Amino acid sequence: MMDAKIVMSGIRPTGLLHLGNYFGAVQNYVRMQQSYNCFFMIADLHSLTTHPDTKELKENVHRVIAENIACGLDPNCVAFYCQSHVQETSELYLYLNMLAYKGELEKTVTFKEKVRQQPENVNAGLLTYPVLQTADILLHRASLVPVGKDQEQHLEMARNFANRFNHRYGEIFPEPQAFNFGSDLVKVPSLDGSGKMSKSENQNATIYLADEDDEIRKKIMRAKTDSGPTDSQTPKPDYIEAIFLLMKLVSKEEVVNKFNEDYSKCSIRYGDMKNQLADDMIEFISPIRNNVKDILQNKKYLQQVMEQGAEKARKSAKTTMELVRQAMGLNYY
Ligand code: TYM
């Protein structure tokens, strides 16, 4: 795979993975792993911007690794590693910080969101979060970054920082592009249609890959519906649209078509629809969940995965950083 395009992406170990992480990110990782040169990372350093307490970090890192593998990621096929195991990341982050302006960082949507969520801890790491993310990507000179829609702005910033570096010091980095297999970037809605699924917010409206069958059914059956459309032109309210969108992800096409037809004929029965969605969701999630449990038992295997991944990632990082230092003129011998 010498000439294959380089792919890089990351997930923070801040909680259980959910359907958004799966359909926005992990599914793409698995589809790309055979035909590209892939680097996939557990973003443990990024998690320190919001979770300074590291008591649960080890367990969370192990779990996210197991969850990715249970979804089909093959650590022999890709470099699957922890961010903190590749210390070159921090060096590149430092250099890129000198090319990132306070004004643009303060305008970032995710930063403003975090300021609202944790006003007592608006740390500099939070402000420069997109710079660290850019370092992750550029460290391997990646050009494709499989992510969900919520990461679009971070990718735009990564392109800006890469271009800025190239203009000042010489062409080292390709422009990284956000990537989704075959279509637009994905945003998996929360079950109540009020926003996106998220690791930490609105947990009752988020379906996790670790949810037991009865929890999945309970969450889906509790989802808000109404008495149905009154004529064939009635637009779907957000909470109904969310149920359809989730159904499209896990149910057969003819099943989705049937409920769409029922909707336009004003004969839809939401109870039946949610029951069907719960069946299909359970069928989708339960093998992954059980797989995760097995993988988590084998700590030695997890350690081996991390070591093997770090070794591959460090090799690529080392080559890039030699080019970077050279380009920047940080070579005085
Ligand atoms: P994180 O951990 O929040 O999310 C991991 C991946 O899941 C996607 N995602 C979603 N996609 C669709 N619908 C949703 N509801 C949804 N929720 C989450 C995210 O878009 C992401 O692809 N900053 C990153 C981690 C990161 C990274 C990187 C990503 C660190 N370094 C380098 C790419 C490249 C983050 O917080 O992802």
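The values are calculated or read from the model by the stated rules, or taken from the named source; none is laboratory data. What you are looking at is a predicted structure, and each value in this text was computed from that prediction instead of being measured. Glycine gets a Cβ as well: all are built from the backbone with ideal geometry, and neighbour counts include every protein chain shown. Note: areas computed on protein heavy atoms with side chains; ligands, DNA, RNA excluded. Shrake-Rupley method; radii C 1.70, N 1.55, O 1.52, S 1.80 Å.
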Condition (residue is more than 16 Å from the ligand (Cβ to nearest atom), small (Gly, Ala, Ser) and surrounded by 18 or more Cβ atoms within 10 Å (Cβ to Cβ)) applied to region 251-261: is it met by at least one residue?
yes
Here are 214, 184, 150: which of them is of a type in the set (Asp, Glu), in a helix (DSSP H, G or I), out of contact with any helix residue (DSSP H, G or I) (no Cβ under 7 Å at 6 or more places or on another chain) and within 24 Å of residue 277 (Cα to Cα)?
214
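Okay, residues lined up against (1) in contact with a Phe, Trp or Tyr (Cβ under 8 Å, 6 or more places away or on another chain); (2) touching a residue at least 60 places away in the same chain (Cβ under 8 Å):
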{"residue": "215", "(1), (2)": "no, no"}
{"residue": "219", "(1), (2)": "no, no"}
{"residue": "224", "(1), (2)": "yes, no"}
{"residue": "232", "(1), (2)": "no, no"}
{"residue": "289", "(1), (2)": "no, yes"}
{"residue": "299", "(1), (2)": "no, yes"}
{"residue": "304", "(1), (2)": "no, no"}
What residue, among those in region 2-45 that are near the ligand (Cβ under 10 Å from one of its atoms), open to solvent by 20 Å² or more (accessible area, probe 1.4 Å) and under 17 Å from residue 314 (Cα atoms), is nearest to the chain's Cα centre (by Cα)?
10
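Give me a count of the residues in region 49-98 that are in a helix (DSSP H, G or I), aliphatic (A, V, I, L, M) and out of contact with any strand residue (DSSP E or B) (no Cβ under 9 Å at 6 or more places or on another chain). Show your work before the answer.
Residues of region 49-98 in a helix (DSSP H, G or I): 57-70, 83-85, 88-97.
Cutting the leftovers down to aliphatic (A, V, I, L, M) gives us 57, 61, 64-66, 69-70, 92, 94, 96.
Add one more test, that the residue is out of contact with any strand residue (DSSP E or B) (no Cβ under 9 Å at 6 or more places or on another chain), and what stays is 57, 66, 70, 92, 94, 96.
Qualifying residue count for the region: 6.
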Could you check residue 215 against (1) more than 15 Å from the ligand (Cβ to nearest atom); (2) open to solvent by less than 50 Å² (accessible area, probe 1.4 Å); (3) within 30 Å of residue 50 (Cα to Cα) and say which number it fails?
(2)
Tell me yes or no: at least one residue of region 122-141 is within 12 Å of the ligand (Cβ to nearest atom) and surrounded by fewer than 18 Cβ atoms within 10 Å (Cβ to Cβ).
no
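Scan 268, 240, 285, 220 and give me the residue that is farther than 15 Å from residue 191 by Cβ and either among the β-branched types (Val, Ile, Thr) or part of a loop (DSSP other than H, G, I, E, B) (or both).
Details: 240 fails: farther than 15 Å from residue 191 by Cβ; 285 fails: farther than 15 Å from residue 191 by Cβ; 220 fails: farther than 15 Å from residue 191 by Cβ.
Selected residue: 268, the only one of 268, 240, 285, 220 that is farther than 15 Å from residue 191 by Cβ and either among the β-branched types (Val, Ile, Thr) or part of a loop (DSSP other than H, G, I, E, B) (or both).
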